[in-house]
Amino acid sequence: MFIMFAMTSGQMWLHIRGAPFAHVDRNTGRTSFIHGGSNMMFVAESYIIAVVNGVIAFGFILMADAPKDPSNINSKYMSYGGLALVVVFFSILLAIFRMKHRGYPYSLLF
C-alpha cells in the first residue's frame, strides 16, 4: 500500500530526475515545499501528496466498512468521519493542484 501511494505521488519520477527536497529562498529565508509551477516538483511535495492520498483512501475505507453493522452506533460516526476525511483532504488535494495550475477554476472547500 505504501509503495502504491509513493508511486502515484510521483516519487519515482523525482528519484529519476534527482529533484531537491525543498527550496529555500535566499532573500527571505522562506522554505517552499510545493513548487509553484507545473513542470517541477519537490520531494517534500510528493510526500505531502502521498499522505493526502492515503487519508482519502482511509476515509473511503471507513465509509465502506461502516454499514457492516448498522445496529452499532459507532458505524454512523465512522461513516460521517470517513465522509469528513474525504471531503477535507480532497479539498486540500484540489488546493495543491490549483497552486500548481493557476488557471484551474474548481475548488471544494479551500
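Relative to the longest principal Cα axis of the chain, at what angle does helix 43-65 sit, 0 to 90 degrees, rounded to 10? It is inclined by approximately 10 degrees.
A probe of 1.4 angstrom, applied to the heavy atoms of all protein chains, finds ILE49 with accessible area near 20 square angstrom. Computed from Cα atoms, the angle from the helix 73-100 axis to the main principal axis of the chain rounds to 20 degrees.
The protection proxy used here, the mean number of other Cβ atoms lying within 10 Å of each residue, ranks peptides 56-62, 12-18, 74-80 as follows, highest first: 56-62, 74-80, 12-18.
For the chain, modelled as a GNM whose springs connect Cα atoms under 10 angstrom apart, the maximal fluctuation among VAL43, VAL51, VAL24 occurs at VAL24.
Centre-to-centre, using Cα atoms only, the range 1-71 and the range 85-110 are separated by 13 Å.
Subtracting the Cα-Cα distance of ILE61 and THR28 from their residue separation scaled by 0.36 nm leaves 7.7 nm. Only one item in (i) 42; (ii) 70; (iii) 74 matches percent of Cα pairs over 23 Å apart derived from the coordinates shown, and that item is (i).
Dipole orientation for the chain: of the candidates ILE73, VAL43, THR8, VAL43 has the Cα lying most toward the positive pole (charges on Cβ; Lys, Arg +1; Asp, Glu -1).
The values are calculated or read from the model by the stated rules, or taken from the named source; none is laboratory data. None of the values given here were measured: they were computed from a predicted structure. For neighbour counting, all protein chains shown are included, and Cβ atoms are generated from backbone atoms with ideal geometry for every residue, glycine included. Accessible surface is based on the protein model in full, side chains and every heavy atom, while ligands, DNA and RNA are left aside. Shrake-Rupley method; radii C 1.70, N 1.55, O 1.52, S 1.80 Å.
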